[in-house]
Amino acid sequence: MTVLEQPGAYRPTPPPAWRPRVDAAPLLPDAEPYRLLGTSAADDVSPDLLTRLYAELVRGRRYNTQATALTRQGRLAVYPSSTGQEACQVAAALVLEEQDWLFPSYRDTLAAVVRGLDPVQALTLLRGDWHTGYDPHEHRVAPLCTPLATQLPHAVGLAHAARLKGDDVVALALVGDGGTSEGDFHEALNFAAVWQAPVVFLVQNNGFAISVPLAKQTAAPSLAHKAVGYGMPGRLVDGNDAAAVHQVLGEAVRRAREGGGPTLVEAITYRVDAHTNADDATRYRSDKELEAWRGHDPIDLITAELRRRDLIDDDRVEAIRQDAEAMAAALRERMNEDPVLDPMDLFEHVYAEKTDQLREQAAQLRAELDAEGQEDRENEAQEGTR
Amino acid sequence: MTATAVETARKPATMAQALGRAMRDAMAADPTVHVMGEDVGTLGGVFRITDGLAKEFGDDRCTDTPLAEAGILGTAVGMAMYGLRPVVEMQFDAFAYPAFEQLISHVARMRNRTRGAMPLPITVRVPYGGGIGGVEHHSDSSEAYYMATPGLHVVTPATVADAYGLLRAAIASDDPVVFLEPKRLYWSKADWSPDHPEEVAPIGRAVVRRRASVPGGRAATLVTYGPSVPVCLEAAEAARAEGWDLEVVDLRSLVPFDDETVCASVRRTGRAVIVHESTGFGGPGGEIAARITERCFHHLEAPVLRVAGFDIPYPPPMLERHHLPGVDRVLDAVARLQWESDWTEGSVG
Ligand SMILES: Cc1ncc(C[n+]2csc(CCOP(=O)(O)OP(=O)(O)O)c2C)c(N)n1
């Protein structure tokens, strides 16, 4: 007789019954990215929305080429172009109500501009006259965020705070595929789901993090699948189909607004330009791949739809092209003016009130500037006499 | 604040109680003040500093967050962007490190980045320092990291009254404040009541805790803060027997730094010893010594000395007493200040 067979011996009880906390099935993304353009469902998209998306895509493309050109002229230190990704940028900006907040990453200048931010102010960070510099409250656009994924918890906190105050505010946060590997991505999604915060995460999966392809970034079936682990729905959408991105984001924003909590949306798109103007994309991707994506261009997709439904003609196309051209010309002109900088601003916004130490340092710089000015004036006077 | 006649009388209170009371009073006075962190709700924090806040103000105002420091501080950033005043508790010094990126890249810079349009009034409470027999990661003195980051205020109380006053000031500040709580002093007691507004310390002002009675002669200034303040006060008492008359300056605020109070004292005494637990190399003492030397060189009768923790990872609990600067080490340093009489070439470390 073993010990366990003796009368009164220890008998293990079965563990308490386990049940999943929520049904995982409704959270799972579809097997295929959701598409609208070119399908029969596109008939239901309002003509106004289609033409608006189209016009913004054309302007957005032009904005990207203009900003890239400005880097070549030395007017911008760097520009991470969103060419190829304009559908995500435009839809993200247009899906929000005025009181909502957009949390862009460093690549999302265009989304900020479409939301209403002054195009020149949106380029402050990249020109180098200040670190973003604009007032985020003005258009409810958080500062373009350079450290990857760190803006995501901000979006969650803001959305949470707004809900605590009883305000109808949704936050939409943008992140790249590489950014989803960061801890802040994980923590933000987890907080959002636990708090049921009214926030929507849009992953622009453009295939690469600088040079690193998605396969080296994650082993997940899709990035949208990650949502399930946090207890929020994941949606997959064709990121070049502006109408589809707008619709999927629209549903997610509506859900958040109605108290349904966060959603993770993965948009499958492609970064047609290099990572930035400073990058050599030929080192890590093939022309063949690039050409395949060029064949699935966001502007072409929507143009075909507009033509099919007879919502646009050559005159209208030309008018929109000219409008984009005028926007680019205005941007070029304004960016070619040298920004007027006051070095004393360096000390102005470190604290609400300058510390004694900063006051001393400000006085030092003031003196240096005065001496420089004096020297310049003397040199000018000498030149004049010569 | 519901000040009753009973509360006005000063009663024995611990620093832990004063800190809790500061948050309670701040929350009662301002509905935008939110306390958040790990275990701060039902449990009242592992040190019970937030005890009772969730009960009084509800889960929404005193929130048990998921266990993720970057997430806690990162969401606090968003909350502050929307007009709240988050008071974030980091459970222990070394567990604040996951939140460093949010602290340094965003909390410290948001005001600057937005040209003043978006200040972040966040208070980050960090229990810090050793002497409580904690296992690894429970005793770090991380103040130098915070001090090296422009945009942050860094304060640390050493008395019960300052714990209350400085925390009220930190929560009221429109700038982010890293509020370092010397956990070794959590249970130190003083006769205290929150109803003495004169005890609300301004951020950025040091205080002379002990005056040298005979300026000149064998006088020196001990510059210190947080957990080392009681050590220095004790050393100053003991030094009397050796004929030394020591001033003790409690910095209270590491950023902004109160050069005025420190230098006024050093000019009176002519000598300075800086005392802190944090490592000496790259530690706060180097910065303080440089500031004193730059400003008071001609008043100095001896080199500025430092008594700091060794330059080692914080030791295991059974060895920490060998690491922490104690009264004897402070007195040894004071003895080395007798520059004129027995300081000989080569005796400096
Ligand atoms: C925390 C952090 N690490 C590294 C970088 C440098 N960096 C800038 S962009 C980038 C790749 C980002 O890829 P992804 O998130 O896919 O966004 P995409 O550039 O494709 O829009 C890297 C590594 C950074 N900005 N932040």
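What to note about this one:
- Hits in region B:144-165 - residues which are closer than 23 Å to B:Glu287 by Cα, touching a residue at least 60 places away in the same chain (Cβ under 8 Å) and not polar (S, T, N, Q): B:Ala144, B:Tyr146, B:Met147, B:Leu152, B:His153, B:Val154, B:Val155, B:Pro157, B:Ala158
- Residue in region A:132-155 that is of a type outside the set (S, T, N, Q), modelled with pLDDT of 95 or more and closer than 20 Å to A:Ile302 by Cβ present: no
- Checking B:Ser193 against (1) open to solvent by less than 10 Å² (accessible area, probe 1.4 Å); (2) free of Cβ contacts under 8 Å to residues at least 12 places away in the same chain; (3) of a type in the set (Ser, Thr, Tyr), the condition it does not meet: (2)
- The one condition from (1) farther than 20 Å from A:Asn205 by Cβ; (2) of a type in the set (Gly, Ala, Ser); (3) surrounded by 19 or more Cβ atoms within 10 Å (Cβ to Cβ) that A:Gly259 does not meet is (3).
- Complete set of residues in region B:42-71 that are in a helix (DSSP H, G or I) and away from chain A (no Cβ under 14 Å): B:Leu53, B:Ala54, B:Lys55, B:Glu56
Results for (1) within 14 Å of chain B (Cβ to nearest Cβ); (2) within 12 Å of the ligand (Cβ to nearest atom); (3) outside any loop (DSSP other than H, G, I, E, B), shown as yes or no for each residue.
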position: A:Thr71; (1), (2), (3): no, no, yes
position: A:Arg75; (1), (2), (3): no, no, no
position: A:Val78; (1), (2), (3): no, yes, no
position: A:Ser82; (1), (2), (3): no, yes, no
position: A:Val90; (1), (2), (3): no, no, yes
position: A:Arg107; (1), (2), (3): no, yes, no
position: A:Val113; (1), (2), (3): no, no, yes
position: A:Gly116; (1), (2), (3): no, no, no
position: A:Val120; (1), (2), (3): no, no, yes
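- Residues located in region A:274-311, provided they are within 16 Å of the ligand (Cβ to nearest atom), part of a loop (DSSP other than H, G, I, E, B) and of a type outside the set (Lys, Arg): A:Ala274, A:His275, A:Thr276, A:Asn277, A:Ala278, A:Asp279, A:Asp280, A:Tyr284
Here is a yes/no grid of residues against (1) open to solvent by less than 50 Å² (accessible area, probe 1.4 Å); (2) out of contact with any Gly (no Cβ under 7 Å at 6 or more places or on another chain):
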| position | (1), (2) |
| --- | --- |
| B:Ala22 | yes, yes |
| B:Met36 | yes, yes |
| B:Gly41 | yes, yes |
| B:Lys55 | no, yes |
| B:Gly58 | yes, yes |
| B:Arg61 | yes, yes |
| B:Asp64 | no, no |
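- Selection of region B:244-276 for residues being open to solvent by 10 Å² or more (accessible area, probe 1.4 Å), within 24 Å of B:Phe179 (Cα to Cα) and assigned to a strand (DSSP E or B) yields only B:Val255.
- Each residue in region A:1-45 was checked for being hydroxyl-bearing (Ser, Thr, Tyr) and loosely packed, with under 10 Cβ neighbours inside 10 Å, and 4 pass.
- Breaking point among (1) surrounded by fewer than 24 Cβ atoms within 10 Å (Cβ to Cβ); (2) at pLDDT 95 or above, for B:Lys183: (1)
- Residue among B:Asp30, B:Asp25, B:Asp39 that is at positive phi and either within 22 Å of the chain's Cα centre (by Cα) or away from chain A (no Cβ under 13 Å) (or both): B:Asp39
- Where B:Met81 falls short, out of the listed (1) of a type outside the set (Ser, Thr, Tyr); (2) within 14 Å of chain A (Cβ to nearest Cβ); (3) crowded, with 23+ Cβ neighbours inside 10 Å; (4) under 23 Å from B:Glu143 (Cα atoms): (4)
- Residue selected from region A:179-197 under the condition farther than 18 Å from B:Thr65 by Cβ and open to solvent by 10 Å² or more (accessible area, probe 1.4 Å), by the criterion farthest from the ligand (Cβ to nearest atom): A:Ser181
- Scanning region A:206-247 for residues that are within 16 Å of the ligand (Cβ to nearest atom), touching a helix residue (DSSP H, G or I) at 6+ places or on another chain (Cβ under 7 Å) and open to solvent by less than 10 Å² (accessible area, probe 1.4 Å) yields A:Leu223, A:Gly239, A:Asn240, A:Val245.
- In region A:327-371, of all residues being open to solvent by less than 30 Å² (accessible area, probe 1.4 Å) and outside any helix (DSSP H, G or I), the one that is farthest from B:Ser253 (Cα to Cα) corresponds to A:Val350.
- Hits in region B:277-293 (condition: of a type in the set (Val, Ile, Thr), farther than 13 Å from B:Leu251 by Cα and in a helix (DSSP H, G or I)): B:Ile292, B:Thr293
- The residues in region B:101-138 that are in a loop (DSSP other than H, G, I, E, B), more than 7 Å from chain A (Cβ to nearest Cβ) and not charged (D, E, K, R) can be counted, and the count is 13.
- Odd one out for A:Glu251, checked against (1) within 16 Å of the ligand (Cβ to nearest atom); (2) more than 12 Å from chain B (Cβ to nearest Cβ): (1)
- Among residues of region B:110-129 that are without any contact (Cβ under 8 Å) to a residue 60 or more places away in the chain and open to solvent by less than 10 Å² (accessible area, probe 1.4 Å), those with a Cβ under 8 angstrom from a residue that is part of a loop (DSSP other than H, G, I, E, B) and β-branched (Val, Ile, Thr), sequence gap 6+ or separate chain, pair up as B:Thr114/A:Thr132.
- Matching residues in region A:124-177 - criterion: being outside any loop (DSSP other than H, G, I, E, B), within 16 Å of the ligand (Cβ to nearest atom), more than 7 Å from every other protein chain (Cβ to nearest Cβ) and of a type in the set (Gly, Ala, Ser): A:Ala173, A:Gly176
The values are calculated or read from the model by the stated rules, or taken from the named source; none is laboratory data. Remember, it's a predicted structure, so these values are computed and weren't measured experimentally. When we count neighbours, we look across all protein chains shown, and the Cβ atoms used for this are built from the backbone with ideal geometry, even at glycine. These accessible areas exclude ligands, DNA and RNA; they are computed on the full protein's heavy atoms, side chains included. Shrake-Rupley method; radii C 1.70, N 1.55, O 1.52, S 1.80 Å.
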